[in-house]
Amino acid sequence: MPKKTVANLTEADLAGKRVLVRVDFNVPMDKATGAISDDTRIRAALPTIEDLIKKGAKVILCSHMGRPDGQVKENLRLTPVAKRLSELLGQEVVMCPDCIGEGVTAAISQMSNGQVALLENLRFHGEEEANDPDFAKKLAANADLYVNDAFGTAHRAHASTEGVTHYLSPSVAGYLIEKELNYLQAAIETPQRPLAAIIGGSKVSSKIGVIETLLEKCDKLLIGGGMIFTFYKARGLSVGKSLVEEDKLELAKSLEAKAKEKGVEFLLPTDVVLADQFDKDANSQIVKVENIPDGWMGLDIGPESVKVFQEALSSCKSVLWNGPMGVFEFDKFAAGTDAIAHTLADLTATGTTTIIGGGDSVAAVEKVGVAEKMSHISTGGGASLELLEGKVLPGIAALDEA
Ligand code: AMP
């Protein structure tokens, strides 16, 4: 781990200290009831929070939720998060009226060692995303040192992820960020081989960076999702009304050529599940990729492709997965994604390291109920993708070196 972490801070460093902790409590809320529908992100922050409590710190948590765009939005208050967190910790969590200002200073001045407070939604202030130095200074004014454990926003230079590090020392990583870096970096830098990457999702354009990086690192590259049709069209096949990025045909060709040049096994599905319209109840048929008729669109990889992918994965010691194989939100077109999720769960049980790189693939493995069986599930969609692309994440770069 190249960065200093909370593990490096002792009780002597922390007892009685006000520690500002950036967490990712951007949890999904049920619109009808206003209740938290998934508390995974809250639970993911517990190791850091509990360690700080144990070491006698005054723990001041801050997070964003949703997109209030600099306005106070009643439905985006963090009050339900404070309640859920206090249940998980088994102790009261003080909910602050704002994230900066006198009310916050007053609440924090009342805290005793080992107590936890939660600041109100950072994005109620437009200055947070603008990384405004004054705002960062005000956030930092109520603390002595800083811990960043919000992996999901580490790819953004915001006041609470980057700005505050200019005013608080030390600035260190929490356990969640440490775990994410350990898994994701090891996966591409020092993997057990063979390493396979499975890339899916809707568009080639959003995955170019990661595909290019992975072509340098992995032994096998398996492609699924909507982007396969751009590759087929580039090969001269008819794709009906499937999703195609016309301006990425040359790119698709060059990615395939690069895979060949690098000796990376490049696998596209051999059959697909077609729909006559983009609808959960659409009529469907399974065809070989050479036989896609006009008027139909591919919404999933077919059963033969699943077998080919399973065979390719069976000898791998590490597998990285980002992006669903099809429109898994529609049951009729979820079989390919579900099968890959089960395959990875089975491989994990036989010793393969499996890493789910955030976003929709996480939703997919959760839907199938195999999330617990994977080696690592990333809590960051954009952040994990950028890390895998080899980009510097500003929220991590700003932390103290180990
Ligand atoms: P991404 O955010 O790029 O990982 O894309 C995820 C989205 O891709 C999901 O919402 C899927 O429904 C969608 N997707 C997967 N396969 C297809 C496909 N064949 N056609 C259209 N959309 C797809």
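Geometric descriptor of the range 312-402, per residue, is 116 Å³ (volume of the convex hull of the Cα atoms).
For the range 28-114, trypsin sites (Lys or Arg not before Pro) meeting the loop criterion (DSSP other than H, G, I, E, B) and having at most 11 other Cβ atoms within 10 Å: Lys31.
Per residue, the accessible area of the range 182-300 comes to 44 Å² when a 1.4 Å probe rolls over the protein heavy atoms. Less than 18 Å apart at the alpha-carbon level, and either on another chain or at least 8 residues along: which lysines does that give for Lys4? Reachable lysines: Lys17, Lys55, Lys179.
Computed on the Cα trace of the range 137-189, the radius of gyration divided by the Kirkwood hydrodynamic radius gives Rg/Rh = 1.04.
Working note: Debye formula, equal point scatterers on the alpha-carbon atoms of the chain, no solvent; log10 I(q)/I(0) at q = 0.08 Å⁻¹ is -0.47.
Less than 5 angstrom separates the built amide H of Val273 from those of Leu299, Asp300, Ile301, Gly302, all sequence-distant by 5 or more or on a different chain.
Over all orientations, the range 191-388 has a Cα convex hull whose mean projected area works out to 9.8 square nanometres. Only DSSP H runs of four or more residues enter the estimate; each adds -39500 (n - 2.57), and after division by the residues of the chain the mean residue ellipticity at 222 nm equals -10000 deg cm²/dmol. The protection proxy used here, the mean number of other Cβ atoms lying within 10 Å of each residue, ranks peptides 150-156, 189-195, 120-126 as follows, highest first: 150-156, 120-126, 189-195.
For Lys280, a cut-off of 23 angstrom between C-alpha atoms picks up these lysines, skipping any fewer than 8 places away in its own chain: Lys31, Lys203, Lys241, Lys288, Lys332, Lys367. How much of the DSSP bridge set in the chain is antiparallel, in percent, rounded to the nearest 5? Percentage antiparallel, nearest 5: 25. Out of Val273, Val21, Val287, any idea which swings most in a Gaussian network model of the chain, alpha carbons joined below 10 Å? Judging by the Gaussian network model, the answer is Val287. Computing Rg and the Kirkwood Rh from the Cα coordinates of the range 190-230 gives a ratio, Rg/Rh, of 1.00.
For Lys391, a cut-off of 17 angstrom between C-alpha atoms picks up these lysines, skipping any fewer than 8 places away in its own chain: Lys3, Lys207, Lys217. Length available on full extension from Thr79 to Arg67: 0.36 nm per residue minus the Cα-Cα distance, which gives 2.7 nm.
Summing charges over neighbours of Cys316, with a neighbour being any other residue whose Cβ is under 10 Å away from its Cβ, gives +2 when K and R count +1 and D and E count -1.
The values are calculated or read from the model by the stated rules, or taken from the named source; none is laboratory data. Nothing here was measured: the structure is a model prediction, and the numbers come from that model. No Cβ is skipped: glycine too gets one built from the backbone with ideal geometry, and neighbour counts run over all protein chains shown. We work out accessible area using only protein heavy atoms, side chains counted, and drop any ligands, DNA or RNA first. Shrake-Rupley method; radii C 1.70, N 1.55, O 1.52, S 1.80 Å.
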